[in-house]
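Trainee: Before I ask anything, let me first share the structure, which is written out below as structure tokens.
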Amino acid sequence: MSDWPEIETYRRLLSPLVCGLTIVDTTVHRIKSINETAEEFHDGLAGHKILFVERRGKHLIFHLDDGNRLLVQLMAGDWIYYGAEGETKDDDYAIILTLEDGNRIFFGGLRYGYVHRLTAKKLIELIRPLGPDPFDPRLTADSFAKLLGGKRGKLKTALTDPKFLSGIGSGYADEILFEAELHPGLLNASLSEEQKRKLYDSMRKVLEEAAENGGTAEHPFSADSPVVGGFRGRFKVFEREGADCPRCGGTIALETVSSRKQYYCPNCQKEA
Ligand SMILES: [Zn+2]
């Protein structure tokens, strides 16, 4: 997964290590992962300082001192490694940024993911259609309830719709709905105010807990390996079909709805 918790984990780990440092070199092994030639990518980044690292939904955004942004979109199976030259095999990575202190940021995988250098204006155009980040301070419990109440369709579809909320994939949506004791197929408009509030609180609780445990990353972040991937063993319903529900002892079910899987407990997440 490369959802809110995984990207937030990278943001938290990278920020204190790279902010304020200048990029001195770039290596591109996978030209399809960037949006210009390797030479343009190098010339556009070398000599520029990383001011700060931001996350918006599932996007990691490096703000550069020339006003441009480096937009990192990781997909399932992509990862970031941080370390000195020689610590890891360069050929295993699609893109490498070398920093002035000798450390490097390695982007692995990127078969579908990418690292694009963009103007601030272009970036805003790209992310404008996205729904609010689950932790956007303007997304209060009240505004969330209003948005949800006005959205047609079912809960699981709403939570995973990037135009409604950005950063939540199928697995985390299942965990959030379990936490809120709501069936994934309930109609958004059918929820009581109390249920909407519980869903909002559950969303923030599950995502924060996952980020605190380093999400589900399968690769270490660095040689001294701070915890990443610690949330993999903590899912309560996701990929646990047939297992006991940790809340009621019922049996976790797996259903496929419109070719998407949903995991839930039929006993404590009632359909009506
Ligand atoms: Zn249950």
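What follows draws every value from the coordinates through simple rules; no lab data is involved. Note that the structure is a prediction, hence the values are computed from the model and not measured. Cβ: placed from backbone, ideal geometry, glycine included. Neighbour counts: every protein chain shown.
Trainee: Quickly run through the range 96-137 and pick out the residues that are of a type in the set (D, E, K, R), more than 21 Å from LEU21 (Cβ to Cβ) and crowded, with 19+ Cβ neighbours inside 10 Å.
Mentor: ASP133
Trainee: Report yes if ALA217 is touching a Lys or Arg at 6+ places or on another chain (Cβ under 8 Å), under 26 Å from GLY108 (Cβ atoms) and of a type in the set (A, V, I, L, M), otherwise no.
Mentor: No.
Trainee: Can you pull out the strands (runs of 3 or more DSSP E) entirely within the range 1-119 that have at least 2 residues that are in contact (Cβ under 8 Å) with a residue 24 or more places away in the chain and more than 24 Å from SER166 (Cβ to Cβ)?
Mentor: 23-28, 79-84, 93-99, 103-108
Trainee: Consider ALA243 against the criteria (1) free of Cβ contacts under 8 Å to residues at least 24 places away in the same chain; (2) touching a strand residue (DSSP E or B) at 6+ places or on another chain (Cβ under 6 Å): it satisfies all of them except one. Which criterion is unmet?
Mentor: (2)
Trainee: Mind checking whether some residue in the range 137-145 is touching a strand residue (DSSP E or B) at 6+ places or on another chain (Cβ under 9 Å) and assigned to a loop (DSSP other than H, G, I, E, B)?
Mentor: no
Trainee: Among what's in the range 232-272 and is of a type in the set (Gly, Ala, Ser) and either more than 15 Å from the ligand (Cβ to nearest atom) or in contact with a Phe, Trp or Tyr (Cβ under 7 Å, 6 or more places away or on another chain) (or both), pick the residue that is nearest to PRO5 (Cα to Cα).
Mentor: Ranking the candidates gives GLY233 first.
Trainee: Let me ask something additional. Report yes if some residue within the range 229-238 is more than 12 Å from ILE176 (Cα to Cα) and either touching a residue at least 24 places away in the same chain (Cβ under 8 Å) or touching a Cys at 6+ places or on another chain (Cβ under 9 Å) (or both); otherwise report no.
Mentor: yes
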